[in-house]
Each structure stands twice: as structure tokens, then as C-alpha cells.
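Undergrad: Would you mind keeping the following structure in view while I ask a few things?
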Amino acid sequence: MSDIIGPVDGTKVPRFAGESTFARLPRIDQVSKYDVAVLGAPFDGGVSFRPGARFAPQAIRQASRHLRPAYHPDLDISPFSTMQVVDAGDIPCNPFDIDSALKQIHEGAAEYVSDSTRLVTLGGDHTITWPNVTGVARAVGWGKVGVIHFDAHADTGDIEFGSLIGHGQPMRRLIESGAVRGDRFLQV
């Protein structure tokens, strides 16, 4: 891809100034085409103990201001010069209605991904994984999506407090639904 717009130069605009996009990358409306969209899903209505993950997308963006985009010596790559990465903003998750919020996440994920584009989603509690990945599967093909899940818990529970939907069950729901095949699923 030519004419890639990378992060704002930290030697020209101080890291504490400017828009708070992921890694100081352009917003999606500032480019005509992109390879990767970074999308926030500020939702924590599926937790059984401690809420607060709804603030994670903005906190991650704020922390990412410190990333140095020029060059990664160990990998011998300039990551933001080889593909167009954009910040697509946040999905407006309904904080009072879990079903509505999950539908918003599902539709938001499907909107920003295709066979030629990828999605990185900043959560939110683990509940967002199920609608996010099924939204991607809807866009690119059921069963074609792969998941690498890094967590201290498997998130494969069945029913919690009478509900099939929550932060402890999304990986189970993905496999059961067929959105992700077992041979395209890895847990670390």
C-alpha cells in the first residue's frame, strides 16, 4: 500500500498533545483505505465481580502514546510503514442492556473487517469476545476465523447466575456456535 499515514511524529507534536488515537495513528476517516482497524468496545456488563473494563479502550490509547513507531530492532521491521493501521473509535455500547450492547459489538466488528482488512479490538470485559468474533465471522465466513486467547482462565464455563452470556463463557460460545473451529483456536 502506498502513501501510508503513520503515527504522529513525537518530535513534532509532544506525546501529551494531539488526538488520543491508538499509537497516535490516524482516525479511520483520515484515510481512504486501511489494512487494520483498531476498535474500542467499552463494555463491562458481563462481569461477575469487578467492573471497570469499560474504561480500558481509552486507557490503552492513552498508554500507547508512548510507543515509538520508527523501528523495532529485534524484529527488523517498521510496523506502521508496512500497513495502514487506523483508529476506528469506540462502539457505543449500551451500558444498561447487555443484549443491545452485544448486538452493537457484533455489528461494529462486522463493519470494519473484510477479507482484505483485519481488526484489533480493545476491550472491555471478556464478554465482548463472543459478539466481536462472531461479527468478524459474519463478515469473512463462518469457521474461517482464528483466535489466540491469552488469559489465566479458559473462559469456557457454561452457565453463571442462570446466564449463558458473561465473561466466563465466551470461548465456549465461539466453539459451540461454529464461528471458530477447534483447529483454529489456541489458548495460552
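Undergrad: Within the accessible area of the chain, what % is carbon and sulfur when the probe is 1.4 Å and the other protein chains stay in place? Spell out each step's value before the answer.
TA: On the way: 6080 of 10580 Å².
Carbon plus sulfur share of accessible area: 57 percent.
Undergrad: Per residue, how big is the convex hull of the stretch 78-188 when only Cα atoms are used? Give it in Å³. Mind dumping the intermediate values first?
TA: Numbers: hull volume 13.1 nm³, N = 111.
Cα convex hull per residue, to the nearest whole number: 118 Å³.
Undergrad: Of the residues Ala110, Ala88, Ala17, which exhibits the maximal mean-square fluctuation in a Gaussian network model of the chain defined by a 10 Å Cα contact cut-off?
TA: Ala17
Undergrad: Sticking with this structure for a sec: Taking only the alpha-carbon atoms of the stretch 36-130, what semi-axes of the equivalent ellipsoid follow from 5 times the gyration tensor eigenvalues under a square root, in whole Å, largest first?
TA: Working: eigenvalues 153, 54, 19 Å².
Largest first, the stretch 36-130 gives 28, 16, 10 Å.
Undergrad: With springs only between Cα atoms under 10 Å apart, run a GNM on the chain and tell me which of Asp76, Asp87, Asp115 wobbles the most.
TA: Asp76
Undergrad: Ignoring everything except DSSP H segments at least 4 long, calculate the 222 nm mean residue ellipticity for the chain; use -39,500 (n - 2.57) per segment, divide by total residues, nearest 500. Mind showing how you got there, number by number?
TA: Numbers: 5 runs with 47 residues, N = 188.
Result for the chain, helices only: -7000 deg cm²/dmol.
Undergrad: Got a sec to turn the phi values of the stretch 77-84 into Karplus ³J(HN,Hα) couplings, 6.51 cos²θ - 1.76 cosθ + 1.60 with θ = phi - 60°, whole Hz, x for Gly and Pro?
TA: 8, 10, x, 8, 9, 9, 8, 8
Undergrad: Not counting ligands, DNA or RNA, and with a 1.4 Å probe, what is Tyr34's accessible surface area in Å² rounded to the nearest 10?
TA: Approximately 40 Å² of Tyr34 is accessible to the 1.4 Å probe.
Undergrad: Separate question: Taking H as built 1.01 Å from N, whose amide H comes closer than 5 Å to the amide H of Arg118, not counting residues under 5 places away?
TA: So Arg118 has HN proximity to Val36, Ala37.
Undergrad: Among Gln58, Gln30, Gln84, determine the one that fluctuates most according to a GNM of the chain built with springs between C-alpha atoms less than 10 Å apart.
TA: Among Gln58, Gln30, Gln84, the largest mean-square fluctuation in the Gaussian network model of the chain belongs to Gln30.
Undergrad: Long-range amide H contacts for Asp87: which residues qualify at under 5 Å (H placed 1.01 Å from N, peptide plane, sequence gap of 5 or more or a different chain)?
TA: Arg27, Ile28, Val38
Undergrad: May I pose another question? Between rounded, prolate and oblate, where does the stretch 1-44 land on the alpha carbon gyration tensor, with a ≥ b ≥ c its root eigenvalues, rounded for a/c under 1.5, else prolate if a/b exceeds b/c? The partial results should precede the final answer.
TA: Values: a/c = 2.62, a/b = 1.06, b/c = 2.46.
Since a/c reaches 1.5 but b/c is at least a/b, the shape of the stretch 1-44 is classed as oblate.
Undergrad: Any chance you could run the full-extension gain for Asp183 through Asp115? It's 0.36 nm times the residue separation minus the Cα-Cα distance, nm to one decimal.
TA: 22.5 nm
Undergrad: Could you tell me which label, among [x] 136; [y] 126; [z] 114, carries the value of volume of the Cα convex hull per residue in Å³ calculated for this structure?
TA: Of the listed options [x] 136; [y] 126; [z] 114, [x] comes from this structure.
Undergrad: Could you provide, to the nearest whole Å², the per residue accessible area of the stretch 1-119 with probe 1.4 Å? Kindly include the intermediate steps, with their values, before the conclusion.
TA: Working: 7070 Å² over 119 residues.
Accessible surface, normalised per residue, equals 59 Å².
Undergrad: For Met83, Met171, what's the largest-to-smallest order of accessible area, 1.4 Å probe? Mind showing how you got there, number by number?
TA: Values: Met83 75, Met171 5 Å².
Listed by decreasing accessible area, they come as Met83, Met171.
The values are calculated or read from the model by the stated rules, or taken from the named source; none is laboratory data. On a predicted model such as this, the values are computed, not experimentally measured, just so you know. Side chains included, ligands, DNA and RNA excluded: accessible areas come from the protein's heavy atoms. Shrake-Rupley method; radii C 1.70, N 1.55, O 1.52, S 1.80 Å.
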